[in-house]
Amino acid sequence: MLLETIKGIDEIGDALAGGNILVKEILVKETHYLVKFDPVILGKRKNLGGVVVCQDISAQKKMEEAYKELAAVLDTSSDSMYITDGQGKTLRINAACNRTTGLKKDDVVGLNVKDIVAKGLFNKSSTLEVLKTKSKVTILQNVTDRVVIVTGTPLFDEQGNIWRVVSRARDITELNRWKNQTEEERRLKDQYYSELVEMRVSQMTQGEGDFIASSAEMQQVVELAMRVARTDSTVLVRGESGVGKEVVTKFIHRNSTRKKSALMKINCAAIPENLLESELFGYEPGAFTGAMKKGKIGLIELANQGTLFLDEIGEMPFALQAKLLQVIQERTFYRVGGTKPIEVDIRIIAATNRDLVKLVEDKKFREDLFYRLNVIPITIPPLRERKGDIVPLLGRFLDKFNKKHQMDKKISNDAFSYLLRYRWPGNIRELENMVEQLVVITPVDLIEPQHLPGYIHHLPNPLDKQDKVTVPGVVSLPEAMEEVEKQLFLSAYENCKNTYQTAKILGVSQPTVVRKLKKYKQNLG
């Protein structure tokens, strides 16, 4: 077959006639041959003949095809590829490398990477780092106005020597630009959100509701509540009795995606234990003696698509906690006496003034239920820890009860001082009741210290400077005066937690108080 194919080569006759050498590749049954025809003079008559040499080059052709295929694959990659041998000699680069770095094959192939760096074609080389450390290396390279991240990977031979170094580079200039743009958009979003929080806080402070958030502590609570409101996460609101846990819960519901559905509240401490289960889960007809004939829908079912508020959750009977845990985990439950599971889509907010961790330790509250409820904890500080809210609360309640009882009572500065000094163990609820009491029973329009309840009126008057002001040793008169001023301003602000009231006590302007407190590095909150 090979001989017949060679005889059929037309070019041999032409080469024989012209006395020329012919080199040609032929394919015989998937085998590649290199045919070389060399004309020679034969015999005494000098007849022209020739010698044909055939060489099997199939392996060589396969290598060439593989090399061509590899080059095509490398050139289709969007990542830059740079390949060297074990000494750093450049063997090949792909088309992406030219686009990313500006390097050309003719400029670098055959050159050692050390020489390329020396020429300044790029500032540093991952290949040199790989050859130095004999491990994979990732670096950042600056190429003209581009930022490139390069990862160099060593390939080892059977003896453990580096055989090749493959460096893959990716242009991250656009990625950095996109990242910076995204960060700017996120910054603006956070800024707009902060402005929204401030606007909401302002609305709550100036509106008709009882949600006062003038202090830094309560503004943090409001901001957290607004973030939580946009989710469906379970919330546990903690704080002493009377701090406003229900007000925060209503705020979360009003600002959630469920605001158009019901907010169902159940006070776990106010309902007898034998009735709490049926109130929560409802019951089927004839479930127990005295049950309504038609049965009853429970609060959980009524809260479907809305929010279920479990107030005083720490008082929930231990036996019911397991059933509540199932509702939280699976959003399904059974009515009392029922056999059919009922699915609900609800958001759960729980509130308590108890130490649930201590109750868990005492085996009075299920640990797994605690962790299910404590997904997003919100702690409302007591009124004594956010004195900045006392004055606006007093003003709000004073207006409220003046309108309610058709009066025009005012509170004197001295009376304000006592009220600010008081620790308010009953928190906002106690403050509200106190203001209504003062509005109703005070016989004159101006409420003075003597009109306050005895347990408040007998407190040391904050206007009587009981705190001692001391000077550390013998110092110059200006230094002593500055030290006395510092102690007076800080002590007065510590008692009032309000720059306006501090100004009244010290007999200076409010801007003066702010300036002096900043001078003495007092955090105004």
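At-a-glance table
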read-out	value
In the stretch 335-346, the residues that are in contact with a strand residue (DSSP E or B) (Cβ under 7 Å, 6 or more places away or on another chain), at negative phi and surrounded by fewer than 17 Cβ atoms within 10 Å (Cβ to Cβ)	Pro341, Glu343
Residue match in the stretch 120-132 (condition: over 14 Å from Val166 (Cβ atoms) and either over 41 Å from the mean Cα position of the chain (by Cα) or small (Gly, Ala, Ser) (or both))	yes
Considering residues of the stretch 241-263 that are charged (D, E, K, R) and without any contact (Cβ under 8 Å) to a residue 40 or more places away in the chain only, the residue farthest from Val222 (Cα to Cα)	Lys260
Selection status of Leu131, assigned to a helix (DSSP H, G or I), in contact with a strand residue (DSSP E or B) (Cβ under 9 Å, 6 or more places away or on another chain) and not assigned by TED's automatic domain parsing to the domain that holds Thr31	yes
Residues satisfying the stated conditions in the stretch 61-96, i.e. modelled with pLDDT of 80 or more and either loosely packed, with under 15 Cβ neighbours inside 10 Å or not aliphatic (A, V, I, L, M) (or both)	Ser80, Tyr82, Thr84, Asp85, Gly86, Gln87, Gly88, Lys89, Thr90, Leu91, Arg92, Asn94
Helices (runs of 4 or more DSSP H) (entirely within the stretch 354-420) containing at least 1 residues that are in contact (Cβ under 8 Å) with a residue 40 or more places away in the chain and of a type outside the set (A, V, I, L, M)	367-373, 390-405
Every pair of residues 6+ apart whose Cβ atoms lie under 9 Å, when the first sits in the stretch 296-317 and is among the charged types (D, E, K, R) while the second is part of a helix (DSSP H, G or I)	Lys296/Ser278; Lys296/Glu279; Glu301/Phe281; Asp311/Lys245; Asp311/Glu246; Asp311/Thr249
Residue in the stretch 80-100 that is within 30 Å of Tyr33 (Cα to Cα) and either touching a strand residue (DSSP E or B) at 6+ places or on another chain (Cβ under 7 Å) or of a type outside the set (Phe, Trp, Tyr) (or both) present	yes
Qualifying residue in the stretch 81-104 (condition: in the same structural domain as Thr138 (by TED's automatic domain parsing), among the acidic types (Asp, Glu) and not in a helix (DSSP H, G or I))	yes
Hey, Ala270 closer than 21 Å to Leu369 by Cβ and surrounded by fewer than 14 Cβ atoms within 10 Å (Cβ to Cβ) or not	yes
Residue in the stretch 330-339 that is in contact with a helix residue (DSSP H, G or I) (Cβ under 9 Å, 6 or more places away or on another chain) and within 15 Å of Leu373 (Cβ to Cβ) present	no
Arg168 assigned to a strand (DSSP E or B), basic (Lys, Arg) and within 17 Å of Thr101 (Cβ to Cβ)	yes
Pair list, Cβ < 8 Å and 6+ apart or interchain, from the stretch 106-118 residues that are closer than 12 Å to Thr84 by Cβ to residues that are among the polar types (S, T, N, Q) and assigned to a helix (DSSP H, G or I)	Val113/Thr127
Subset of the stretch 404-415 [at pLDDT below 85 and closer than 13 Å to His457 by Cβ]	Asp414
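Okay, residues lined up against (1) assigned by TED's automatic domain parsing to the domain that holds Ala351; (2) more than 30 Å from Leu394 (Cα to Cα); (3) of a type in the set (Val, Ile, Thr):
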residue	(1), (2), (3)
Ser215	yes, no, no
Met218	yes, no, no
Val221	yes, no, yes
Val247	yes, no, yes
Ala262	yes, yes, no
Cys268	yes, yes, no
Asn274	yes, yes, no
Ala287	yes, yes, no
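The values are calculated or read from the model by the stated rules, or taken from the named source; none is laboratory data. This structure is a prediction, so every number in the text was calculated from the model and none was measured. With ideal geometry, Cβ positions are generated from the backbone for all residues, glycine too; neighbour counts draw on all protein chains shown.
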